[in-house]
Amino acid sequence: MTTERFDPASADMRWQAAWDAAGAFVADSNSAKPKSFVLEMFPYPSGRIHIGHVRNYTMGDVLARYKRMTGHEVLHPMGWDAFGMPAENAAMEKGVHPGGWTRDNIEAMKKQLKRLGFALDWSRELATCEPEYYGHEQALFLALYEAGLVTRKESEVNWDPVDMTVLANEQVIDGRGWRSGAPVERRKLAQWFLKITDFADELLEGLGTLDTWPDKVRLMQENWIGKSQGLEFSFDLSNGERLPVYTTRPDTIFGASFVAIAPDHPLAQSVAAQNCDAASFIALCKRGGTTTAEMDTAEKLGFDTGIGARHPFTGAHLPVFIANFVLMDYGTGAIMAVPGHDQRDFEFAIKYGLAIPRVVAASAAEADKPFAGEAESGDGVVVNSDFLDGMAVEDAKREVISRLEAEGRGTGKTVWRLRDWGVSRQRYWGTPIPFIHCDGCGMVPVPRDQLPVVLPEDVDFQTPGNPLDRHPTWKHASCPSCGGGAVRETDTLDTFVDSSWYFLRFASQPADRPFDPAEVAKWLPVEQYIGGIEHAILHLLYARFWTRALARIGMIEVKEPFASLFTQGMVTHETYSREDGGRTVYYAPDEISREAERALLTADGGAVEIGRVVKMSKSKKNTVDPDTIVARYGADAVRWFMLSDSPPERDLPWSEAGIEGCWRFVQRLWRLFGQYDAGTTGEDQALTRRRHRTVAAVAQDVEALAFNKAVARIYELTSAVEKAAPGAARSEAIRTLALLVAPMMPHLAEEAWKAMGQEGLVSQAAWPAVDTALLVEDEVTIALQHMGKLRDTITAPKGASKDDLEALALANEKLQRSIAGAQVKKVIVVPDRLVNVVA
RNA sequence: GCGGGUGUGGCGGAAUGGUAGACGCCGGGGACUUAAAAUCCCCUGAUCCUUGAUCGUGUGGGUUCGAGUCCCACCGCCCGCACCA
C-alpha cells in the first residue's frame with residue numbers, strides 16, 4: 001500500500017467526476033426508501049463564494065451524505081437567489097447588464113461549489129432571475145390575488161429628493177441618500193401588499209408545532225407577530241369629535257396625562273390644514289428614513305394641537321399632541337400616554353413638562369414613590385386609580401375593559417404588531433408584477449396565457465430610478481379587459497417572494513406550472529433547513545406564510561415548509577490594521593505574516609495591530625478566499641475545519657493555524673488508512689468497544705448537527721487506533737474510520753476506500769452498524785467529595801448499590817483525611833457518579 | 001430604543017444540577033535527521049508553604065449537600081427591527 005501523501009489536487013477532481021458519472025446524488029422520486037430533504041438557504045450570486053457559504057453548505061452536505069448512508073433517499077438541491085440590488089449597482093458602476101453580471105456570477109460560484117465536493121443534485125438547479133422561475137411566481141401571485149390575499153394601499157418609502165428615487169433602508173446612511181447625500185424624506189406611494197395579517201393567528205399557532213426549531217427563533221417570531229390583548233376606546237374631544245385610541249395597558253388609564261396621535265393621523269392632517277405650525281411640524285416628522293430603529297431612537301418630538309381630550313373616568317382635560325413616535329400602522333394611530341409606565345411617554349413628558357403620575361407600584365405602601373429617572377413597565381399593584389386601587393395589573397385590565405364595554409364606550413380588542421407584507425419594489429432587477437393599469441378598467445391582472453411578463457433586456461442604468469418606468473416601449477400594453485391602451489405595472493416583487501417558494505420548485509420543475517403537487521407532497525416538508533440567524537424572522541416568516549397561503553387555496557397540502565431548522569454562526573477573522581494620519585488602514589490576511597505574538601506586513605516587514613475577531617467583510621479586509629484555501633489544502637481539510645472546534649450555531653474564527661492542523665489530520669488519517677490489512681487476525685475487545693461507542697456517538701452528534709463533537713470523537717478514535725496493536729480489530733476500526741469521515745471528508749474517504757479494496761463508492765456505502773451490547777461500560781469512575789469538593793476518585797462496578805458506594809467512600813484514605821474526625825451529618829450518593837460526605 | 005442571543009485556560013471549545021477545562025490549536029521539552037521539512041513521545045488554568053492544598057466558568061447577590069448549568073440585578077459583545085440578502 002502506498003506511503004505517499006494524500007494529494008487533494010488530483011484526488012478531489014477525480015472523485016467529483018466519479019460521483020457525477022455515477023449520478024450519485026440525483027434524487028429519485030420513485031425510490032421506496034424513506035425520503036430526506038436537506039436544504040441550505042440558497043445564495044445570492046454576488047460573484048464569489050465566501051467562507052460563510054462554505055460553512056453553511058458543508059454542514060448541510062455532511063447531513064445529506066450521512067442520511068444517504070443511513071438508507072434515505074436524499075434531496076439536496078442548490079439554486080440561486082438571483083434577483084436583487086447588487087446586480088443593479090454593478091450595472092450602474094460598471095455598465096454591465098444585471099442579467100449578464102448575475103449569470104456570470106452563477107457560473108463562477110457553481111464552479112467553486114463543485115470544487116468543494118458537495119453532494120448536490122445539480123439536475124434541479126434553478127435561478128430566480130430566469131423567466132422559467134419567475135413566470136411561475138407571477139402565476140402564484142395571481143392565484144393569491146384571486147383568493148383575495150393581494151391588496152394595494154399607500155405606504156411610506158424612503159425618498160431621495162435629489163436623485164428622485166426610492167431608496168432601500170440600506171441605502172439610507174445617517175438619514176441621507178447614499179449617492180446624493182441629500183436628507184431623505186418619507187413619501188407615500190400606492191403599493192402592492194400580501195395579506196400576511198390574515199394568517200397572523202395561524203402563523204403564531206403554527207410555531208407550536210415546530211418543536212425542533214430553535215426556541216430563540218420561535219420566540220423572535222412570536223414577538224414579531226406580537227399578539228396583544230388590549231382596549232380600544234374613544235376620547236371625547238373639545239372640538240366635538242371622538243378620538244379612538246388603542247392601549248395594551250388599560251390598567252394604567254388613571255395615569256394618562258396626555259393623548260398623542262401619529263403625524264399622518266387624519267386629525268393631525270385636519271389640524272395642519274388650518275395651522276401652518278402644525279403643518280411644518282408634520283413635515284419635520286417626515287424627515288429621515290422609514291425604519292423603526294430610527295423612529296425609536298429619534299428624539300421624541302411633539303406638537304400641542306390645543307385640542308383637549310376628556311378622560312373617560314375622571315373627566316380631566318388631557319392635551320392632544322401630534323407626536324413623532326406614534327405609528328399610524330399600529331392600533332388606531334392614537335394613544336393614551338401614560339408616562340409613568342411607558343418609557344417613550346416618559347421621555348416625552350419630561351421634554352414637554354407633563355405630569356407623570358404613578359398608578360402601578362410594588363405595593364400599596366409605595367403609592368407615592370418617585371420614579372428613578374425612567375418609566376416602570378413591570379407588574380405590581382394598581383394605586384392612585386379610584387376603583388382600581390389594590391388590584392393586580394391583570395385584574396385591573398379586565399375591570400377597565402368590562403366597565404368601558406358596559407358603558408358602550410370601548411371594546412376589548414386583539415391587536416397584532418405584524419403588518420401586511422409590502423412586496424412592491426420600484427426597481428428593475430426583480431419579478432415584474434403581472435398587472436396592467438387601464439384608465440377605464442382599473443388594475444387588471446395579466447391573463448395566464450400571457451405569462452411570463454418578461455423583463456426587457458434593453459434598459460438604461462445611467463439615470464437613477466426604475467428603468468422599467470422610463471423604458472420607451474415595454475410598459476405600453478393593451479388592456480386585457482377592454483383592449484384599449486394601458487400601461488404595465490412597473491413595480492417588481494420583493495426578492496423575499498422569490499425565496500418564499502423555491503423549496504417547492506426543487507421538488508419538481510414542470511414547465512407548465514410552478515410545481516407538481518404530488519411531488520411536493522412526496523418531498524416536503526424540508527427535514528432540515530440550515531441558514532444564518534439573520535433570517536430568523538423575515539425570510540422564515542414569509543416562507544411559512546407563502547406555504548400556508550398556497551395550502552389555503554388548495555395548491556398544496558403541506559402547511560409548514562421546514563420541519564426542522566438550524567441557524568449557523570458566522571465565520572470571523574481577526575483584523576490587521578495601522579493608523580495612518582487618523583485613518584485606519586486595513587490589511588488582508590494574505591498580506592500579513594503572522595507570528596505567535598505579533599503580525600507583520602509582508603511588504604515592509606513592519607508591525608501591524610492585531611484587531612478584534614469580527615465577521616468577515618470587505619471593508620475590514622479580513623476575508624479569506626475559499627478558492628485559495630482549497631487550492632492549498634484541498635476540499636477535505638477546508639470542510640473539516642468548517643466542522644471542527646466551534647459549535648455550529650456559534651461564530652467560527654478562521655485561522656491559518658487551524659487549517660494547518662486540519663491539513664495535518666488529513667495526512668495523519670491517510671497514513672492510518674494505509675495500515676489497513678484485511679488479512680490479519682487477533683482480537684482487541686477494548687478497541688472494538690471503543691469503535692462501536694464512537695460510531696454511536698458520531699451518529700448521534702451528526703443527527704444533532706453537533707459536528708464539533710463528532711469531530712472530537714473521531715480524533716479520539718484515531719488516537720486509540722494508532723496506539724492499538726495490529727490485528728483484525730484494528731483493521732476493522734480503520735475501515736470504520738473511513739466510513740465515519742466519509743460525510744465530512746468525502747474525497748479522502750473515497751481514496752482510502754478504494755485503496756482498502758472495498759466495493760463501490762464510500763458515498764453510497766452503508767453507515768456502520770452498532771452493537772448496542774458493546775456500548776455498556778462495566779466499570780465507572782466515582783467522584784468522592786467532602787462538602788462538594790473533590791478529594792479522590794475510585795473505580796467501582798457499574799450499578800453498584802448506594803450502600804456499597806458509601807462504604808467504599810468512607811473507607812477511602814484521602815476522604816477520611818479530609819473529614820478528619822468531623823461529625824458525618826449526611827452522605828449523598830449518586831449511583832455511578834459520586835459520593836458526597838456532608839461533615 | 002425595542003426584540004432575541006452570547007460570555008469557560010494564551011486561543012476555539014467540552015461538561016443530563018454531580019470529577020470544570022474532553023478534543024483541537026498555540027507554546028515548551030525531547031526523539032528521529034548531516035540538516036531541514038514531515039513525523040512521533042512528554043508537558044502545558046493560576047497561585048502557594050508543591051507527597052498536597054487554595055483559587056478559578058463576564059460582574060455582584062441568591063437557592064442547593066453540590067452551580068459553568070437554576071433564580072435576581074448589572075456589564076460587554078453579536079443578530080434582527082419590515083426596501084440588504
Set A:660, A:683: member being among the acidic types (Asp, Glu), within 12 Å of RNA strand B (Cβ to nearest atom), open to solvent by 10 Å² or more (accessible area, probe 1.4 Å) and not assigned by TED's automatic domain parsing to the domain that holds residue A:528: A:660
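Can you tell me how many residues within the stretch A:49-68 are open to solvent by less than 30 Å² (accessible area, probe 1.4 Å) and basic (Lys, Arg)? Full working, then the answer.
To start, the set of residues in the stretch A:49-68 that are open to solvent by less than 30 Å² (accessible area, probe 1.4 Å) comprises A:49, A:51-66.
Remaining after also requiring basic (Lys, Arg): A:55, A:65.
Number satisfying all stated conditions: 2.
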Every residue from the stretch A:443-454 that is out of contact with any helix residue (DSSP H, G or I) (no Cβ under 8 Å at 6 or more places or on another chain) and either open to solvent by 30 Å² or more (accessible area, probe 1.4 Å) or assigned to a loop (DSSP other than H, G, I, E, B) (or both): A:443, A:447, A:449, A:450
Selected residue (only one of A:738, A:822, A:766, A:796 is touching a residue at least 12 places away in the same chain (Cβ under 8 Å), of a type in the set (Gly, Ala, Ser), part of a loop (DSSP other than H, G, I, E, B) and surrounded by 12 or more Cβ atoms within 10 Å (Cβ to Cβ)): A:822
Check on residue A:216, near RNA strand B (Cβ under 10 Å from one of its atoms) and open to solvent by 50 Å² or more (accessible area, probe 1.4 Å): yes
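Which members of the stretch A:706-731 meet the condition of being part of a loop (DSSP other than H, G, I, E, B) and open to solvent by less than 10 Å² (accessible area, probe 1.4 Å)? Don't jump to the end; show me each part of the working.
Taking the stretch A:706-731 as the starting set, the residues that turn out to be part of a loop (DSSP other than H, G, I, E, B) are A:706, A:724-727.
A:727 - this is the single residue of the stretch A:706-731 that is part of a loop (DSSP other than H, G, I, E, B) and open to solvent by less than 10 Å² (accessible area, probe 1.4 Å).
When the stretch A:471-496 is examined, which residues are found to be open to solvent by less than 40 Å² (accessible area, probe 1.4 Å) and either closer than 26 Å to residue A:461 by Cβ or in a strand (DSSP E or B) (or both)? Step through it out loud before you land on a result.
We begin by selecting, within the stretch A:471-496, every residue open to solvent by less than 40 Å² (accessible area, probe 1.4 Å); these are A:471, A:474, A:477, A:479, A:484, A:486, A:489-494.
Listed by number, the residues that qualify are A:471, A:474, A:477, A:486, A:489, A:490, A:491, A:492, A:493, A:494.
Among the candidates A:522, A:559, which residue alone is at pLDDT 95 or above, away from RNA strand B (no atom under 16 Å from the Cβ) and closer than 19 Å to residue A:121 by Cα?
Details: A:559 fails: closer than 19 Å to residue A:121 by Cα.
Testing whether each residue is at pLDDT 95 or above, away from RNA strand B (no atom under 16 Å from the Cβ) and closer than 19 Å to residue A:121 by Cα leaves just A:522.
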Members of the stretch A:360-405 found to be within 15 Å of residue A:248 (Cβ to Cβ), among the aliphatic types (A, V, I, L, M) and in a loop (DSSP other than H, G, I, E, B), listed by number: A:375
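Taking the residues in the stretch A:409-434 that are within 16 Å of RNA strand B (Cβ to nearest atom) and part of a strand (DSSP E or B) as candidates, determine which candidate is surrounded by the most Cβ atoms within 10 Å (Cβ to Cβ). If you could, list the steps in order and put the result at the bottom.
So the first thing to find is which residues in the stretch A:409-434 are within 16 Å of RNA strand B (Cβ to nearest atom), and the list is A:414-433.
The next check asks that each one be part of a strand (DSSP E or B); those that pass are A:414-416, A:421-422, A:424-425, A:432.
Values: A:414: 10, A:415: 18, A:416: 17, A:421: 20, A:422: 16, A:424: 22, A:425: 25, A:432: 27.
It comes out as A:432.
Those residues that are open to solvent by less than 30 Å² (accessible area, probe 1.4 Å), within 10 Å of RNA strand B (Cβ to nearest atom) and either assigned to a strand (DSSP E or B) or of a type in the set (D, E, K, R) (or both), I need them from the stretch A:160-171; list them, please. Quick ask: steps written out before the conclusion?
So the first thing to find is which residues in the stretch A:160-171 are open to solvent by less than 30 Å² (accessible area, probe 1.4 Å), and the list is A:160, A:165-168, A:171.
Imposing the further condition that a residue be within 10 Å of RNA strand B (Cβ to nearest atom) reduces the set to A:165-168, A:171.
The answer is A:165, A:166, A:167.
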Filtered residue count, the stretch A:172-193, keeping only those that are open to solvent by less than 50 Å² (accessible area, probe 1.4 Å) and either within 10 Å of RNA strand B (Cβ to nearest atom) or of a type in the set (D, E, K, R) (or both): 6
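For the stretch A:597-608, which positions are exposed (fewer than 15 other Cβ atoms within 10 Å of the Cβ) and either out of contact with any helix residue (DSSP H, G or I) (no Cβ under 7 Å at 6 or more places or on another chain) or among the basic types (Lys, Arg) (or both)? Lay out the reasoning, then the answer.
Initial filter on the stretch A:597-608 (exposed (fewer than 15 other Cβ atoms within 10 Å of the Cβ)): A:597-598, A:602-607.
Listed by number, the residues that qualify are A:597, A:598, A:604, A:605, A:606, A:607.
Here is a list: A:283, A:309, A:268, A:260. Which entry is open to solvent by less than 50 Å² (accessible area, probe 1.4 Å), more than 34 Å from the chain's Cα centre (by Cα) and more than 25 Å from residue A:416 (Cα to Cα)?
Numbers: A:283 fails: open to solvent by less than 50 Å² (accessible area, probe 1.4 Å); A:268 fails: more than 25 Å from residue A:416 (Cα to Cα); A:260 fails: more than 25 Å from residue A:416 (Cα to Cα).
Selected residue: A:309, the only one of A:283, A:309, A:268, A:260 that is open to solvent by less than 50 Å² (accessible area, probe 1.4 Å), more than 34 Å from the chain's Cα centre (by Cα) and more than 25 Å from residue A:416 (Cα to Cα).
Residues are listed down the side, and each one gets a yes or a no for (1) open to solvent by 70 Å² or more (accessible area, probe 1.4 Å); (2) farther than 23 Å from residue A:503 by Cα; (3) touching a strand residue (DSSP E or B) at 6+ places or on another chain (Cβ under 6 Å):
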{"position": "A:12", "(1), (2), (3)": "no, yes, no"}
{"position": "A:25", "(1), (2), (3)": "no, no, no"}
{"position": "A:30", "(1), (2), (3)": "yes, no, no"}
{"position": "A:38", "(1), (2), (3)": "no, no, yes"}
{"position": "A:47", "(1), (2), (3)": "no, no, no"}
Checking residue A:276 against (1) open to solvent by 10 Å² or more (accessible area, probe 1.4 Å); (2) within 30 Å of residue A:395 (Cβ to Cβ), the condition it does not meet: (2)
Restricting the stretch A:66-93 to residues that are in a loop (DSSP other than H, G, I, E, B) and within 18 Å of residue A:707 (Cβ to Cβ), the residue that is farthest from RNA strand B (Cβ to nearest atom): A:70
Hey, residue A:71 at positive phi, assigned by TED's automatic domain parsing to the domain that holds residue A:533, exposed (fewer than 14 other Cβ atoms within 10 Å of the Cβ) and at pLDDT below 95 or not: no
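Quick check on the stretch A:804-816. Is at least one of its residues surrounded by fewer than 12 Cβ atoms within 10 Å (Cβ to Cβ), more than 14 Å from RNA strand B (Cβ to nearest atom) and more than 43 Å from the chain's Cα centre (by Cα)? It would help to see each step written out before you state the result.
So the first thing to find is which residues in the stretch A:804-816 are surrounded by fewer than 12 Cβ atoms within 10 Å (Cβ to Cβ), and the list is A:811, A:813.
With the extra rule that they be more than 14 Å from RNA strand B (Cβ to nearest atom), the set shrinks to A:811.
Filter again for more than 43 Å from the chain's Cα centre (by Cα), leaving A:811.
Yes, because at least one residue in the stretch A:804-816 is surrounded by fewer than 12 Cβ atoms within 10 Å (Cβ to Cβ), more than 14 Å from RNA strand B (Cβ to nearest atom) and more than 43 Å from the chain's Cα centre (by Cα).
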Residue check, residue A:276 touching an Asp or Glu at 6+ places or on another chain (Cβ under 9 Å) and without any contact (Cβ under 8 Å) to a residue 40 or more places away in the chain: no
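Out of A:776, A:827, report the one residue that is open to solvent by 60 Å² or more (accessible area, probe 1.4 Å) and without any contact (Cβ under 8 Å) to a residue 24 or more places away in the chain.
Numbers: A:827 fails: open to solvent by 60 Å² or more (accessible area, probe 1.4 Å).
Exactly one residue qualifies, and that residue is A:776.
Among the residues of the stretch A:399-408, which ones are open to solvent by 20 Å² or more (accessible area, probe 1.4 Å) and at negative phi? Spell out how you get there, then give the answer.
Going through the stretch A:399-408, the residues open to solvent by 20 Å² or more (accessible area, probe 1.4 Å) turn out to be A:399, A:401-403, A:405-408.
Of everything in the stretch A:399-408, those that are open to solvent by 20 Å² or more (accessible area, probe 1.4 Å) and at negative phi turn out to be A:399, A:401, A:402, A:403, A:405, A:406, A:407.
The rows are residues; the columns are (1) buried (at least 22 other Cβ atoms within 10 Å of the Cβ); (2) more than 30 Å from residue A:14 (Cα to Cα).
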residue	(1), (2)
A:617	no, yes
A:632	no, no
A:647	no, yes
A:651	no, yes
A:669	yes, no
A:674	no, no
A:698	yes, no
Filter pass, residue A:678 being closer than 25 Å to residue A:734 by Cβ, assigned to a helix (DSSP H, G or I) and open to solvent by 10 Å² or more (accessible area, probe 1.4 Å): no
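Can you tell me which residue among A:389, A:420, A:379 is touching a residue at least 24 places away in the same chain (Cβ under 8 Å) and within 30 Å of residue A:537 (Cβ to Cβ)?
Values: A:389 fails: within 30 Å of residue A:537 (Cβ to Cβ); A:379 fails: touching a residue at least 24 places away in the same chain (Cβ under 8 Å).
Just one listed residue meets the conditions, A:420.
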Residues that are touching a residue at least 24 places away in the same chain (Cβ under 8 Å), surrounded by fewer than 13 Cβ atoms within 10 Å (Cβ to Cβ) and not in a strand (DSSP E or B), drawn from the stretch A:200-213: A:209
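The values are calculated or read from the model by the stated rules, or taken from the named source; none is laboratory data. None of these values were measured; they are calculated from a predicted model. Cβ coordinates were reconstructed from backbone atoms using ideal geometry, including for glycine residues, and neighbour counts include every protein chain displayed. Just the protein is used for accessible areas: all its heavy atoms, side chains included, with ligands, DNA and RNA removed. Shrake-Rupley method; radii C 1.70, N 1.55, O 1.52, S 1.80 Å.
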